[in-house]
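Quick note: the coordinates plus some simple rules give every number you see, no bench work behind them. All of these numbers come straight from a predicted model, not from anything done at the bench. Cβ atoms come from the backbone with ideal geometry, glycine included; neighbour counts cover every protein chain shown.
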Amino acid sequence: MTHADKPQVGLDALGIAVPSLTLELTKLAAARGVEPGKFLDGLGVTRMSIPPLDEDTVTLAARAGKQALEQGGIDPNDIGLLVVGTETAVDHSKPVASYVQGLLGLSKACRVFETKHACYGATAGLQNALDWIRAGSNDGKKALVIGADIARYGLKTPGEPTQGAGAVAMVLSEAPRLVAFDRMVGTYANDVLDFWRPLYSKDAVVDGHYSVGCYLDALEGAYRAYREKAERASATGATATSDAKHAFFSDRFAAIAYHVPYGKMATKAHRHLRGIDGDSAATTYAEQVAPSLVYPRQVGNIYTGSLYLALASLLAEDPRDLAGQSIGMFSYGSGSCAEFWSGTVQLGAQARVRSSGWAKLIESQRRLEMPEYEEILNAREAIDNRPHQPHVEGGGAEARYLGVQEHRRMYSSPTSG
Ligand code: CAA
């Protein structure tokens, strides 16, 4: 099979869910006695999404999944694989994905499971789903992969301004209308303790400055692995891409979407990547990275979904016509595992995603004052001891978490209202 004959597999539809509440980081800075510039410019974040108490990982995942199916006009019965990547699961045994299967009314012939590897969890799901389709095991069906999380650090800790919550859902198919992903992937894994969440804690534990170094080491490992594979393939004529016109290797990417724990981390990552290429000036940030940070800067860290929120932002907010252009993707999960891979933006993809109204959705979040923010964070500590609430706070159109009854998590169904 020649390069041109290889079947295209990739992203067919995208959905995003963010909670209804948000905190302006200027308010957090004032309350913590910090210069606002440290959060806005030093971390590159303007707001962070905060879930109300009737929102959890399941409701975020279900909402994003529903939007992806609707955006793509996809029948739930056409989904043959559902994977939810999360590091803020709701149960030690039952996967978030099973709740989502029920809430979305997916087929009982669908393979359903959850993946965990910190922020890499959704990428593990995505790469496996792509291979499931490429191998022909999908039997004509599509995969739904969702990254959903609530990023929570303790009040008044250095990690506090890098919280967030949300979900991104991706339908993957053999006729992708948004991005066709290349098979070539550079992988790097290393046993480090940079960020983790012990079983007894709802808050993450992080060795913050060390974690930044681990992220950059992993980027270097994954990117070098990808680059070596690409250069080998190009030397043997196995790829159609000509490298002659590029001064630096990464010039071949119109844009690169990075995992975004906070906006500035992507800036550091890009500088590092260009340095590996030999471009010490790293002047390509504005065109190669900035459009992918528009949503992450307003939503905060959503862990497994962060890279894919950056991808959504890139497709919706980049003013250039990206059709037919190559983009790079970098996923990092603490602990650690990282991957660098690439894809080609499909004709009409940007118009499709722009009709989803994500900018409006993110802009419409209600701004919290500090006392309400702290009250919600403290109450979330005991959220699973919450007795069943028969009344739905957020309205009946979407799934809401209603608390626990006889050890069972209860949700309002989006269809029954
Ligand atoms: N105006 C502008 N910039 C300012 C400023 C001001 N007034 N004051 C400080 N700054 C700058 C600093 O110079 C610094 O910039 P550089 O990083 O370019 O040096 C930046 O603001 C941050 O300042 P500090 O390093 O002093 O901040 P900190 O000690 O409070 O910690 C942090 C920052 C380590 C990122 C912390 O927020 C944290 O632990 N976050 C959680 C961990 C994390 O997100 N790690 C990322 C890699 S791991 C990963 O990616 C997995 C994941 O999702 C968690």
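In whole Hz and in residue order, list the ³J(HN,Hα) couplings for segment 290-296 that follow from phi through the Karplus curve 6.51 cos²θ - 1.76 cosθ + 1.60, θ = phi - 60°; x for Gly and Pro.
3, x, 6, 9, 4, 6, x
Calculated from DSSP H runs of 4 or more alone, at -39500 (n - 2.57) each and per residue, what is the 222 nm mean residue ellipticity of the chain, nearest 500?
Helix-only estimate at 222 nm: -10000 deg cm²/dmol.
Please get the size of the charge dipole for segment 89-184, origin at its Cα centre, with Cβ charges of +1 on Lys and Arg and -1 on Asp and Glu, quoted in debye to the nearest 20.
About 140 debye.
Under a point-charge model restricted to the Cβ atoms of Lys and Arg (+1) and Asp and Glu (-1), what is the dipole moment magnitude of the chain relative to its Cα centre, in debye to the nearest 20?
In debye, rounded to 20, the chain gives about 340.
Suppose every K and R has +1 on its Cβ and every D and E has -1 on its Cβ; what is the size of the dipole of segment 262-417 about the Cα centre, in Debye to the nearest 20?
160 debye
In segment 173-238, if the dipole is taken from +1 on Lys/Arg beta carbons and -1 on Asp/Glu beta carbons about the Cα centre, which of Thr187, Tyr210, Gly237 is farthest to the positive end?
Looking along the dipole axis, the top candidate is Gly237.
Return the sequence-ordered ³J(HN,Hα) values of segment 151-159 in whole Hz as given by the Karplus equation 6.51 cos²θ - 1.76 cosθ + 1.60 applied to θ = phi - 60°, using x for Gly and Pro.
Karplus values, whole Hz, x for Gly and Pro: 8, 9, 10, x, 4, 6, 9, x, x.
Starting from segment 169-263, pick out the chymotrypsin sites (Phe, Trp or Tyr not before Pro) whose DSSP state is loop and whose Cβ has at most 13 other Cβ atoms within 10 Å.
Listed in order of number, the matching sites are Tyr200.
For the pair Met370 and Met410, how long in nm is the line joining their label points, each one 7 Å along Cα→Cβ?
The modelled label-to-label distance comes out at 3.7 nm.
Taking the dipole about the Cα centre of segment 285-417, with the C-beta of Lys and Arg at +1 and of Asp and Glu at -1, give me whichever of Val353, His407, Gln298 is farthest to the positive side.
Going by the charge dipole, the pick is Val353.
Can you give me the long-range amide H partners of Glu55? Hydrogens built in the peptide plane at 1.01 Å from N, cutoff under 5 Å, separation of 5 or more residues or another chain.
Answer set, sorted by chain and number: Tyr401.
HN-Hα J couplings of segment 75-90 from phi, Karplus 6.51/-1.76/1.60, θ = phi - 60°, integer Hz, Gly and Pro as x?
Per-residue couplings from phi come out as 6, x, 6, 7, 8, x, 8, 10, 10, 10, x, 7, 10, 10, 5, 10 Hz.
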